[in-house]
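Participant: Attaching a single structure in structure tokens format; questions to follow.
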Amino acid sequence: MKSPSGLLADLFYGLAEADLPRLVECFEFRHLPAGQTLWSEGENCPGIVFVVTGELEARKKTEFGSRQVVIGLIGAGSLAGENALFGDPEADSSIAARQDTSLLLLPRDRFETLADEHPETAVRLMRSMMAMLSLRMRHLSGRLTSLF
């Protein structure tokens, strides 16, 4: 298993060497067994998560009440829960491990502390997160186009 600094360096591009120890202090490493729910739709999301290994699935309730549908798969190198950092902390979908999954969790309060104390590190981290989100949007756009 790689060191925490090594995991962060692999996951995020454009970080400075000085950023790594600061970020190691912010992130929590978690392991989620297959089938375990990380958070449920409507709950407060604990923060943004980055998948290191494994795969998560995003599920959303339908208008039929208790029925849920899988709306997305989140694999290694991807993120989930970005609204917890940049918007409403209430989860708009449930996130569960599709297989055994290792992930890094960045709680909102730790990100805010990082932004206050080391704004340059926070900006580099946000740029990398925005690149991940941009790739997701490009993928979703392609999926939507294929429906028509």
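The values are calculated or read from the model by the stated rules, or taken from the named source; none is laboratory data. Predicted model, so just to flag it, every value in this text is computed and none were measured. Because the Cβ atoms are built from the backbone with ideal geometry, glycine has one as well, and the counts that use them run over all protein chains shown.
Participant: Restricting attention to segment 87-98, which residues are of a type outside the set (D, E, K, R) and either surrounded by fewer than 14 Cβ atoms within 10 Å (Cβ to Cβ) or closer than 21 Å to Glu55 by Cα (or both)?
Facilitator: If the condition is that a residue be of a type outside the set (D, E, K, R) and either surrounded by fewer than 14 Cβ atoms within 10 Å (Cβ to Cβ) or closer than 21 Å to Glu55 by Cα (or both), then Gly87, Ala91, Ser93, Ser94, Ile95, Ala96, Ala97 are the ones that fit.
Participant: From the list Met132, Met126, which one is out of contact with any strand residue (DSSP E or B) (no Cβ under 8 Å at 6 or more places or on another chain), modelled with pLDDT under 90 and under 17 Å from Tyr13 (Cα atoms)?
Facilitator: Numbers: Met132 fails: out of contact with any strand residue (DSSP E or B) (no Cβ under 8 Å at 6 or more places or on another chain).
The unique qualifying residue is Met126.
Participant: If you take the residues of segment 101-116 that are more than 16 Å from the chain's Cα centre (by Cα) and touching a residue at least 24 places away in the same chain (Cβ under 8 Å), which of them is surrounded by the most Cβ atoms within 10 Å (Cβ to Cβ)?
Facilitator: Only one residue tops the list, namely Leu114.
Participant: Name the strands (runs of 3 or more DSSP E) wholly inside segment 1-120 in which the number of residues that are under 16 Å from Met132 (Cα atoms) is 3 or more.
Facilitator: 47-53, 68-75, 101-107
Participant: Same structure again: Looking at segment 1-20, which of the residues that are exposed (fewer than 12 other Cβ atoms within 10 Å of the Cβ) and not small (Gly, Ala, Ser) is farthest from Ala58 (Cα to Cα)?
Facilitator: Checked segment 1-20; the qualifying residue farthest from Ala58 (Cα to Cα) is Glu17.
Participant: Next question, about the same structure. Starting from segment 40-68, keep only residues that are free of Cβ contacts under 8 Å to residues at least 12 places away in the same chain, then list their pairs with residues that are exposed (fewer than 15 other Cβ atoms within 10 Å of the Cβ) and polar (S, T, N, Q) whose Cβ atoms are within a distance under 9 Å, requiring at least 6 positions of separation or different chains.
Facilitator: Matching pairs, first to second residue: none at all.
Participant: Here are some conditions: (1) without any contact (Cβ under 8 Å) to a residue 40 or more places away in the chain; (2) surrounded by 12 or more Cβ atoms within 10 Å (Cβ to Cβ); (3) not polar (S, T, N, Q). Arg124 meets all but one. Which one does it not meet?
Facilitator: So Arg124 meets the others, but not (1).
Participant: Which numbered condition in (1) modelled with pLDDT of 95 or more; (2) of a type in the set (Gly, Ala, Ser); (3) closer than 25 Å to Lys61 by Cα is the only one that Gly72 fails?
Facilitator: (1)
Participant: Does Cys45 meet the test of being touching a helix residue (DSSP H, G or I) at 6+ places or on another chain (Cβ under 8 Å), more than 14 Å from Leu104 (Cβ to Cβ), crowded, with 19+ Cβ neighbours inside 10 Å and modelled with pLDDT of 90 or more?
Facilitator: The answer is yes for Cys45.
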